[in-house]
1. Count neighbours as other Cβ atoms within 10 Å of each site's Cβ, and list the trypsin sites (Lys or Arg not before Pro) in the stretch 286-331 that are DSSP loop with at most 16 such neighbours.
2. Give me D for the stretch 113-272 in µm² s⁻¹, whole number, from Stokes-Einstein with Rh from the Kirkwood sum over alpha-carbon pairs, 37 °C and 0.692 mPa s.
3. When the chain is modelled as a GNM with alpha-carbon springs shorter than 10 Å, which of GLY240, GLY259, GLY103 fluctuates the most?
4. Positive end of the charge dipole of the stretch 1-132 (Lys, Arg +1 and Asp, Glu -1 on Cβ, about the Cα centre): tell me which of ALA111, LEU25, ASN48 has its Cα farthest that way.
5. Check the straight Cα-Cα distances from LYS53 and name the lysines below 18 Å, setting aside those fewer than 8 residues away within the same chain.
6. Using alpha carbons only, how many degrees (0 to 90, rounded to 10) separate the axis of helix 321-330 from the longest principal axis of the chain?
7. Which entries of LYS152/LYS328; LYS253/LYS291; LYS39/LYS291; LYS167/LYS187 show an alpha-carbon separation above 31 angstrom in the structure shown?
8. Could you calculate the contour length gain from VAL26 to TYR205, that is, 0.36 nm times the residue separation minus the distance between their Cα atoms, to one decimal place in nm?
Amino acid sequence: MVALPMKVLVTGGLGFIGSNFIRHLVSARPGWTIVNLDKQTYAGNPKNLAGLKVKTVKKDICDPKAVDAAMKGADYVVHFAAETHVDRSILDASAFIQTNVIGTQVLLDAALRHGVKRFLHVSTDEVYGSVATGHSVETDKLEPNSPYAASKAASDLLVRSYFVTHKAPVLTTRASNNYGPYQYPEKALPLMITNFMEDKPFPMYGDGRQVRDWLHAVDHARAILLVLEKGSLGEIYNVGGSFDCENRELISKVLSLMGKPSTLITPVEDRKGHDRRYALDCSKLLKLGFKHAYDFEKGLAETIEWYRKNEAWWRPLKVAGGYRTYLKKAYKK
Ligand code: NAD
Ligand code: TYD
C-alpha cells in the first residue's frame, strides 16, 4: 500500500532521537512534508540535520503563537521536544516542568484547534520507575523516581486526559535507553565512548549493577513511524531494545571493542534516587508487526565507529563552556 503524502510537524528534531527520526522519515516517506519546531537548547544541534531538506522553526513549544504557526496544515504531530537528562533534572527541575509538561499541554491544545489526524507523544520507560523483576506492561502504574521521569509521566497523563476528555487522536510510545549517532555526549554511552577515545575515565555511578535496556535510535524511529500509521488511537506502546545488561557489563563491552584498559572505569558516588532496573514488555508493539533491524553487537560497534569518524561533531560540544560548567556541577565529588 502506498502511503498518502502527509504533512508532519516534528518537535525536537534537532535532538538525538528527533533527528534520527527525521532522517528515517525522509527516506521511508519521501513525499511527505516535514516541519521541525525546535528551540535549539544546548541539546539541539542544526548539524544533526545537515544535508536534509527540512524546514526548522527555531521556537519554543511553550509559545502558543509559534506552535499555531508551525502546526498549520499538519496531518500528524510527532512530539520529541523535551529536557531529557536525569542528572540535570536532579540539579534543577524547572526547565523539565516547563517544557515537558506545559509544552505538551500547549501542543495538545493546538492539535485540537488544528484538527490534526494523529498526535504521537514520545515517552520513556522511566515513567514506570524501577522494576525489580519482570517487565513493565503499558497498563502498569506509573512510579517515576527522578524529576525528569515525573515530568514525562505528567505529560503522559495529560495526553491520556485529552483522549478521554476531548477525544484527541493521540498515541504514546514509551521507549527504553536509546543509543546511536548524534547523541549529546552527556548521556552514558556517548560520554563513555568519547572519553575512552581520549583515554579519559568514565565515571561509573555506584556499583554499576543498574540494568538498562538498549534500543538503537533508528529502531526507535521505525517503531514510531509504525505506531503513527498503524497504532490504535488512545493507546500506549512500549518500545524496547534488543539487549539489556548491567552498566558494568556495557562499560566492559565498550572497553573491549575500543581496545582500552579497565583502569578507565572510575567508580563515583551513586546518582540520587538511581533506578536499579528498567525492563519493558513489548508484546503490543510486536503484535503491530515490529521487528528490530539492529542487534546490539552490530549497533554498538557501528556507534563507536560513528563517534570515531565524527570527532568534528562531538568535540566542539565537549569543549563548550556550558558543557564544562554542567560537568563541574554534576560530578563535583
Ligand atoms: P535531546 O535532549 O537529544 O533533544 C531534545 C530536543 O528538544 C533538542 O533538540 C532541544 O533543542 C529540543 N527542545 C528542548 N526544549 C524545547 C522547547 N521548549 N521547545 C522546543 N524544542 C525544545 O532528547 P532525545 O534524547 O532525542 O529525546 C527525545 C524524546 O525521546 C524526549 O521526549 C525523551 O523524553 C524521549 N526518550 C528519550 C530516550 C533516550 O534514551 N534518549 C529514551 C526514551 C524516550
Ligand atoms: P543515562 O544515559 O543518563 O540514561 P538514564 O539515566 O536515563 O537511564 O545513564 C544510563 C545509565 O548509566 C544509568 O544507569 C546511569 C549510568 N551513568 C553512569 O554510571 N555514569 C554517568 O556518568 C552517566 C551519565 C550515567
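Read the figures in this text as sums done on the coordinates, not as results from a lab. Model, not experiment: these values are computed from the prediction. We place every Cβ from the backbone using ideal geometry, glycine too, and count neighbours over all the protein chains shown.
1. Those that pass, being in a loop and sparsely packed, are LYS291.
2. In µm²/s, the coefficient rounds to 188.
3. GLY259
4. Farthest along the dipole direction, towards plus: LEU25.
5. Cross-link targets: LYS7.
6. Orientation of helix 321-330: about 70 degrees from the principal axis.
7. LYS39/LYS291; LYS167/LYS187
8. Extra length available between VAL26 and TYR205 comes to 60.6 nm.
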